[in-house]
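Note sheet for the following structure.
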Amino acid sequence: MVSEGGPERPAAVTHPDLAALVSVQLRSGDGPIPAALERGEPVDSADLLREERWPAYRAMALDSGVRSSVTIPFRRSGLTVTLSLYSFRPGTLEDAPHGPARALGDLAVTCLVRDRSYRAALTELDQLGAALRTRPVVDQACGIVMHVLGCDADAAFGVLRRVSQTTQRKLSDVASAVVDKRGRGLERELVSLSN
């Protein structure tokens, strides 16, 4: 299960019966997954038949044939991944938090953090690309405003920015409108916004 601090917690399971075990824990807020998230360390139950904690989870697990479980949390960069292992026999998962399961969880959280960083970089790249594509139009509009108002480039950009903010339109849309009209008919509005 993956958690980024919000209400949504996507989970992947290897068997349909296990999905219900995850759901009952998230719904009730009680079970090994919530406990591992709260403590930040592995939570296990060597034998659910003798377990006294988590009654709803315990009943569903035993009904599914699960006798033992362990949930291992992994935290990095604001992301928490929990890896839960289940066994049909008691006492078989005692070493799981230290063996291959630990390596698998470390790999999963590392990959998810890298993926999140990669997606953020792509989003930023798209935003920078859009800014570069609109920059010539904004520069042209600044030139028109400079000519109409007789001001410098910083003041002209400030006027365009104020128009954008007061009309709740994108700066590039405001600039396109100024360029399309070539400043004609905008003199009075631009003068009032320059003050």
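The values are calculated or read from the model by the stated rules, or taken from the named source; none is laboratory data. Remember, it's a predicted structure, so these values are computed and weren't measured experimentally. Here the Cβ is made from the backbone with ideal geometry for all residues, glycine too, and neighbour counts use every protein chain on show. SASA here: full protein model, heavy atoms, side chains in, ligands and nucleic acids out. Shrake-Rupley method; radii C 1.70, N 1.55, O 1.52, S 1.80 Å.
Quick grid of which residues meet (1) open to solvent by 30 Å² or more (accessible area, probe 1.4 Å); (2) at pLDDT 90 or above:
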{"position": "A155", "(1), (2)": "yes, yes"}
{"position": "G158", "(1), (2)": "no, yes"}
{"position": "V163", "(1), (2)": "no, no"}
{"position": "R182", "(1), (2)": "yes, no"}
{"position": "S194", "(1), (2)": "yes, no"}
Original post:
All but one of (1) of a type in the set (A, V, I, L, M, F, W, C); (2) outside any loop (DSSP other than H, G, I, E, B); (3) in contact with a Phe, Trp or Tyr (Cβ under 7 Å, 6 or more places away or on another chain) hold for V66; which doesn't?
Top reply: (2)
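Condition first: within 14 Å of P10 (Cα to Cα) and open to solvent by 20 Å² or more (accessible area, probe 1.4 Å). Now tell me which residues in segment 81-100 satisfy that.
Scanning segment 81-100 gives L83, S84.
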**OP:** Only residues that are open to solvent by less than 50 Å² (accessible area, probe 1.4 Å) and in contact with a Pro (Cβ under 9 Å, 6 or more places away or on another chain): list them for segment 47-66, please.
**Re:** D47, L48, W54, Y57
Original post:
Any idea which of (1) over 30 Å from E189 (Cβ atoms); (2) modelled with pLDDT of 90 or more; (3) out of contact with any strand residue (DSSP E or B) (no Cβ under 8 Å at 6 or more places or on another chain) is the one P136 doesn't satisfy?
Top reply: (1)
Original post:
So which of R53, R58, R75 is within 14 Å of V24 (Cβ to Cβ) and either part of a loop (DSSP other than H, G, I, E, B) or within 26 Å of the chain's Cα centre (by Cα) (or both)?
Top reply: R53
**OP:** Determine whether Y118 is part of a strand (DSSP E or B), at pLDDT 90 or above and open to solvent by 50 Å² or more (accessible area, probe 1.4 Å).
**Re:** no
Subject >> Number of the exception - Q127 against (1) open to solvent by 40 Å² or more (accessible area, probe 1.4 Å); (2) more than 19 Å from the chain's Cα centre (by Cα) >> reply: (2)
Original post:
Filter segment 1-36 for residues that are in contact with a Lys or Arg (Cβ under 9 Å, 6 or more places away or on another chain) and open to solvent by 20 Å² or more (accessible area, probe 1.4 Å); which is farthest from T71 (Cα to Cα)?
Top reply: E4
Original post:
Is it fair to say T123 is in contact (Cβ under 8 Å) with a residue 12 or more places away in the chain, among the β-branched types (V, I, T) and assigned to a helix (DSSP H, G or I)?
Top reply: no
